[in-house]
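The values are calculated or read from the model by the stated rules, or taken from the named source; none is laboratory data. Computed from a predicted model, the values in this text were never measured in an experiment. Note that each Cβ is placed from the backbone with ideal geometry, even for glycine, and that neighbours are counted across all protein chains shown. When the accessible area is computed, the model is the full protein with side chains, heavy atoms only, and any ligands, DNA or RNA have been set aside. Shrake-Rupley method; radii C 1.70, N 1.55, O 1.52, S 1.80 Å.
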Amino acid sequence: MSQVTVLRPREIPQDRVDEAKYNFNKALSEKNIDLPPQNIETLQINITKLCNQTCLHCHVDASPKRKEQMDLESVDRCLEILSSNKSIKNLDLTGGAPELNPHFDYLVKEATKLDKHVMVRHNLTVTIDGNPVTGETKEYLPEFYAENRVEVISSLPYYQEYFTDKQRGKGVFEKSIESILLLNEQGFGKQGTSLELNFVYNPVGAFLPASQENLETDFKRELHKKYGIEFNNLFVITNMPINRFKQQLKRLGAYDEYMEKLVKAFNPSAAQGVMCRSLISVSHDGRIYDCDFNQMLEMDVIIDHEPMTIFNFDYEKLVNRRIMFGSHCFGCTAGSGSSCGGATT
Amino acid sequence: MEYYDSKDLKRFNEVGKFSEDLMKKFFDYYNAAVGEDGALTKREKALIALAVSHVKQCPYCIDSYTTQCLESGADPEQMTEAIHVAASLEAGITLIHGIQMHNSLERNGAL
């Protein structure tokens, strides 16, 4: 007698269930919203996943154990793209801690020579900690940033130790304050200098951020009163329900509640301002994505059946692409909106 | 039989099943009083509501206003102070009734 194999129904991956349940494309079409790319003003490069910190919410899953680094050939290719595309005015460097890429200083200096506005997502503590793998010091960073007139954008989840250390690790608040004071010494965030120092707030848990305006007032008052710190703007960002933060939500049994909150807070005018309409994101290996979150979800930009990379970069094709959306995009369109520059409304 | 299921908070509207109009009036009043900036900020209102929730010992409200406090920018230190205000008021309210006890002792010729 022949043996009959009974196949069990295949289990649908949880991510696909989540995508179907929280359908961003459907939300757009129900509101009759189309979000084509506008232009590319910013080239955002994730040049390393190595970081001296291991933050609870990090969508990159960055840590001292990561090894991914953009190589010199790719860095040079990015510089060529910046040089030959005048409409790209900004270079936005992120990671990990971007300063831990061995070609970081070179990239900043060369981009500055090209007259590009360079922004660095600087975690503050790397100045104090140095490279967690080689032990190399990074104490020169505040001066280096001042010399190259870099816009420094730094995560500071709260103006007090408790929330900051809970999200970013024990001792991070104290080191962050030390590092901010070094930036202030160079003139960053001070009136009368054009050296910009902006902070990024994102909630420490499964809740939406308070208003950017109110939090900025609190941050300025409290940080100045206690430490004499000055800075320019506070960017308020919503936590993206992907990777490490999504796992945390699932662990807490709060994922659905959080997603329902984001969906309920969907704001069509915030959707108009989403950053993927004017930015492209590049990974350490040169692949191109609609944003840093899509990059972490490996949602490659595919044009003419080929992944778009820095090596087959085509500006016209990129501005005519369809941006890929997923359930995580509700994070950028909730309430006042969320982007690398804070609220979008 | 279980009491106080956190999912029940989402069913609050159902209380209006037999008097929809009164429930609507309540929600309009509630949202205007608590959910908007006025002479008090939303954060101040959320901290007051959190304190009242503790006094009234309503688990729905404690969940809801803990989140509201966080989403309006308050921190655990401020939230803890708010419930200490509530607790000290409760203690004071208990103790001030001691005067009532003294009055009664007096009437009984015991004071």
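Putting +1 on Lys and Arg Cβ atoms and -1 on Asp and Glu Cβ atoms, find which of A:GLN212, A:GLN247, A:LEU141 reaches farthest to the positive end of the dipole of the range A:137-252.
Going by the Cα projections, it comes out as A:GLN247.
Please give the per residue accessible area of chain B, computed with a probe of 1.4 Å over protein heavy atoms only, in Å².
Result: 76 Å² of accessible area for each residue.
For the range A:164-203, which chymotrypsin sites (Phe, Trp or Tyr not before Pro) are in a loop by DSSP, counting at most 13 other Cβ atoms within 10 Å?
Counting only loop positions with at most 13 other Cβ atoms within 10 Å, none of the chymotrypsin sites (Phe, Trp or Tyr not before Pro) in the range A:164-203 qualifies.
What spacing in nm lies between the two simple spin-label points modelled at B:TYR30 and A:TYR162, each 7 Å away from Cα in the Cβ direction?
My value for the distance between the label points is 2.8 nm.
In peptide B:67-77, what is the residue-averaged number of other protein chain Cβ atoms found within 10 Å of each Cβ?
Mean partner-chain Cβ count within 10 Å for B:67-77: 6.
Under 10 Å, Cα contacts only: if you run a Gaussian network model on chain A, which one of A:PHE245, A:PHE311, A:PHE330 comes out with the highest mean-square fluctuation?
Fluctuation is largest for A:PHE311.
How many angstrom separate the Cα center of the range B:76-110 from the Cα center of the range A:183-232?
42
When chain A is modelled as a GNM with alpha-carbon springs shorter than 10 Å, which of A:LEU35, A:LEU183, A:LEU234 fluctuates the most?
Sorting by GNM fluctuation, first place goes to A:LEU35.
If you add up the charges near A:GLY187, with Lys and Arg at +1 and Asp and Glu at -1, over every other residue whose beta carbon is less than 12 angstrom from its beta carbon, what do you get?
Charge balance near A:GLY187 sits at -3.
What's the long-distance tail for chain A, i.e. % of Cα pairs beyond 24 Å?
Pairs farther apart than 24 Å: 57 percent.
For chain A, modelled as a GNM with alpha-carbon contacts under 10 angstrom, which of A:GLN44, A:GLN248, A:GLN191 fluctuates the most?
Its mean-square fluctuation being the largest, the pick is A:GLN191.
Please sort by residue number the GluC sites (Glu not before Pro) in the range A:158-195 whose DSSP state is loop and whose Cβ has at most 14 other Cβ atoms within 10 Å.
none
Compute, for B:LYS25, the solvent-accessible surface of its heavy atoms (probe 1.4 Å) with the complete set of protein chains present, and express it in square angstrom to the nearest 10.
120
Give the relative contact order (percent, whole number) for chain A; include only Cα pairs under 8 Å separated by 6+ residues.
On the way: 641 pairs, mean separation 73.2, N = 345.
Once divided by the residue count of chain A, the mean separation gives 21 percent.
What residues have an amide H closer than 5 Å to that of A:TYR158, excluding those fewer than 5 places away on the same chain, when H is modeled at 1.01 Å from N in the peptide plane?
A:THR164
For the range B:1-95, report the translational diffusion coefficient in µm²/s to the nearest whole number, using Stokes-Einstein at 4 °C, 1.567 mPa s, and a Kirkwood Rh over Cα pairs. All intermediate terms of the calculation are to be shown ahead of the outcome.
Working: Rh = 14.7 Å.
Here the translational diffusion coefficient equals 88 µm²/s.
Would you be so kind as to identify which of A:PHE293, A:LEU91, A:PHE330 lies farthest towards the positive end of the dipole of the protein assembly as shown, taking Lys and Arg as +1 and Asp and Glu as -1 on Cβ and the Cα centre as origin?
A:PHE330
How large is the helix-only mean residue ellipticity at 222 nm for the protein assembly as shown, computed as the sum of -39500 (n - 2.57) over DSSP H runs with n ≥ 4, divided by its residue count, in deg cm²/dmol to the nearest 500?
About -13000 deg cm²/dmol.
Per chain B: cysteines with no other Cys C-beta under 4.7 angstrom?
Singleton cysteines: B:CYS69.
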